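Let me begin by presenting the structure, written as structure tokens, before commenting on it.
The values are calculated or read from the model by the stated rules, or taken from the named source; none is laboratory data. These numbers come from a predicted model, not from an experiment. Here the Cβ positions follow ideal geometry from the backbone for every residue, glycine too, while neighbour counts run over all protein chains shown. In case anyone asks, the SASA skips ligands and DNA or RNA and just uses the protein heavy atoms, side chains included. Shrake-Rupley method; radii C 1.70, N 1.55, O 1.52, S 1.80 Å.
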Amino acid sequence: MFRPTALGGALTALATVAAGVFLAAAVNTSPAVAAGTGTGYLHTNGNQIVDSTGATVRLTGINWFGMETDNKTFHGLWSNNPWRGQLDTMARLGYNTLRVPYSNDALKPGATASGINDFVNPDLIGLSPLQILDKVIDYAGSKGMRIILDRHRPTAAGQSPLWYTSTVSEATWINDWKMLAQRYAGNPTVIGADLHNEPHAEGTNPAATGACWGCGDTTRDWRLAAERAGNAILGVQPNWLIFVEGVSCPSGGLSNVWDNDPSNDEDCGWWGGNLSKAGEFPVRLNVANRLVYSPHEYATSVYRQSWFDAPGYPANMPAIWDRYFGYLYKQNIAPIMMGEFGSTLADPKDKVWLERLMAYTGTGVTGMSFTYWSWNPNSGDTGGIALDDWTNVNTTKQAILQPYLIAPSGGGPTGGPTGGPTGGPTTPPPGACTASYRQVNAWPGGFQGELTVKNTGSAAVNPWSVTWSWPSGVTLGSGWNATVTQSGTTVTAAAPGHAPSLPAGGSITVGFTANGTASAPGTVKLNGASC
């Protein structure tokens, strides 16, 4: 969720379902360029994010919210599109990072997830919010995607101006972060912590009660709190990136435009979007090269800031972005990962805003990273990339973002030759594969299974394709880890674009749900050769 503070004015409260986030991926630069999201854990070098080999990485991601709400898990699990199918689409579109908002309520012992279509997602039945998160992280990692965890709200009830409330203490906030850092300490799919979503002003100056930056009050100074939490996390998991958002007004208080006192009026921006004081008062972490600043930026569908109606719009926008966060990148102080930005695009000005903002982030691997808000179509002020069926895509938004997306890579089996002598599909000799099947679940009228095929030959199969037969009356519901289709009684699982090669000795597991009597796949073949 997000709220703006008007330039030199009072805060306008906006009810929103959540706020959007978008992380950028990797392209070409000197001295080295990482494919997709790179190798191993990530760290920073000047204004760039780099992988464990030193290759430059750009995160180009998207937010999938819900774990911060009363559902305590991802929204859209109620739809007819299985959770894996939604991640498949995100990766196929080019989103290489997933920002996951959560509330501390979802982390409590005994927390339960709701809003799940058990028929479509039978593998999620009975799982806790954290166990569902585990599965999403594992599958996203298999596709080469990265995960950023975002403490979005203290409770499911809503956002807070400070990182703590009367019911959720600073100690709870930090201890929950340490728990998550320990839980995923050995999994480089999870790359970091977005400490607290959208710190912002509250109370009227000079009696400010909201989040300030550099004011020195330990109960309100977000910069100091970010240091405390960031260093506590790095004490458990020194490999994580620490993502720090801005505030709305550096004083932590709302300007009073009716007091006729210009000294109390200051330059305020979006909640979490104002990093204008970070150059003067930088966040200091105990582990070097771990800090990423993460501003939020929105359009008129969220709030009509004064700059949208300025005579020089949109030429005035780069200077505004420079002032709030861009200078940190341009002066090589730290990387920028724009965690949330989005719009319904209902106003023609918003389409111009999004086009100019993407151009401002830069092209190629050296540009600013981002996570778009949001995948979800049910974000009240922005809508999503997904349409209301959680399957089809808003092509207008996607077309603007597409040139800046760097698809994930590195997931799935890799290595070995890239094809036969002519570069076409390779066909293994008969008997050069084995197949095994596991029924995962069954219910009246349907079942879920996993077919694992191993390449026992001496050469890679590229691109691979697995076929099998089912009895008449058994029909495919959904599939994952491949593009799964059915024609008559024959089912085909074609290699996904991010993992086309099945190396010698490698295996692939194709998951599916099906309608009809539970039946094991018959006559399994790998590129036409029987297993």
Considering residues that are open to solvent by 30 Å² or more (accessible area, probe 1.4 Å) and β-branched (Val, Ile, Thr), the number found within the range 274-319 is 1
Do the conditions hold for LEU354, that is, is it open to solvent by less than 40 Å² (accessible area, probe 1.4 Å), part of a loop (DSSP other than H, G, I, E, B), at pLDDT 95 or above and out of contact with any His (no Cβ under 6 Å at 6 or more places or on another chain)?
no
Answer yes or no as to whether LEU387 is buried (at least 19 other Cβ atoms within 10 Å of the Cβ) and aliphatic (A, V, I, L, M).
no
With respect to THR204, is the statement that it is more than 30 Å from PRO188 (Cα to Cα), surrounded by fewer than 24 Cβ atoms within 10 Å (Cβ to Cβ), at pLDDT below 95 and not acidic (Asp, Glu) true?
yes
Quick count over the range 207-235, residues being closer than 23 Å to SER52 by Cα and either in contact with a His (Cβ under 9 Å, 6 or more places away or on another chain) or open to solvent by 30 Å² or more (accessible area, probe 1.4 Å) (or both), is 2
Considering every residue within the range 137-148, establish whether at least one is in contact with a Leu (Cβ under 7 Å, 6 or more places away or on another chain), surrounded by fewer than 23 Cβ atoms within 10 Å (Cβ to Cβ) and of a type in the set (Phe, Trp, Tyr).
yes
Working only within the range 347-370, note down all residues that are farther than 13 Å from PRO335 by Cβ and polar (S, T, N, Q).
THR363
A careful count of residues in the range 480-508 that are surrounded by 15 or more Cβ atoms within 10 Å (Cβ to Cβ) and free of Cβ contacts under 8 Å to residues at least 60 places away in the same chain gives 11
Whichever residue in the range 399-415 is β-branched (Val, Ile, Thr) and assigned to a loop (DSSP other than H, G, I, E, B) and, among such residues, is modelled with the highest pLDDT
ILE406
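Okay, residues lined up against (1) on the phi < 0 side of the Ramachandran plot; (2) acidic (Asp, Glu); (3) modelled with pLDDT under 95:
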position: TYR324; (1), (2), (3): yes, no, no
position: GLU340; (1), (2), (3): yes, yes, no
position: ASN376; (1), (2), (3): yes, no, no
position: ASN392; (1), (2), (3): yes, no, yes
Of all residues in the range 438-456 being in contact with a Leu (Cβ under 9 Å, 6 or more places away or on another chain) and open to solvent by less than 20 Å² (accessible area, probe 1.4 Å), the one that is farthest from TRP83 (Cα to Cα)
ASN455
Going through VAL100, VAL120, VAL57 one at a time, which residue ends up being in contact (Cβ under 8 Å) with a residue 12 or more places away in the chain, open to solvent by less than 10 Å² (accessible area, probe 1.4 Å), aliphatic (A, V, I, L, M) and in contact with a helix residue (DSSP H, G or I) (Cβ under 9 Å, 6 or more places away or on another chain)?
VAL100
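Yes or no, residue by residue, for (1) modelled with pLDDT of 95 or more; (2) open to solvent by less than 10 Å² (accessible area, probe 1.4 Å); (3) under 24 Å from LEU354 (Cβ atoms):
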{"position": "MET1", "(1), (2), (3)": "no, no, yes"}
{"position": "ALA18", "(1), (2), (3)": "no, yes, yes"}
{"position": "THR39", "(1), (2), (3)": "no, no, no"}
{"position": "ASN63", "(1), (2), (3)": "yes, yes, yes"}
{"position": "ASP70", "(1), (2), (3)": "yes, no, no"}
{"position": "THR73", "(1), (2), (3)": "yes, yes, no"}
{"position": "LEU93", "(1), (2), (3)": "no, no, yes"}
Look at ASP134 and say whether it is surrounded by fewer than 23 Cβ atoms within 10 Å (Cβ to Cβ), within 15 Å of the chain's Cα centre (by Cα) and at pLDDT below 95.
no
Only residues in the range 166-189 that are free of Cβ contacts under 8 Å to residues at least 24 places away in the same chain count as the first member; pair them with residues that are open to solvent by 60 Å² or more (accessible area, probe 1.4 Å) and part of a loop (DSSP other than H, G, I, E, B), Cβ under 9 angstrom, at least 6 apart or cross-chain, and list the lot.
ALA171/TYR164
Restricting the first residue to the range 63-82 and requiring it to be under 11 Å from ASN378 (Cβ atoms), which pairs with a second residue that is of a type in the set (D, E, K, R) and outside any loop (DSSP other than H, G, I, E, B) meet a Cβ separation below 9 Å and a spacing of at least six or different chains?
PHE65/ARG99; PHE65/ASP150; THR69/ARG153
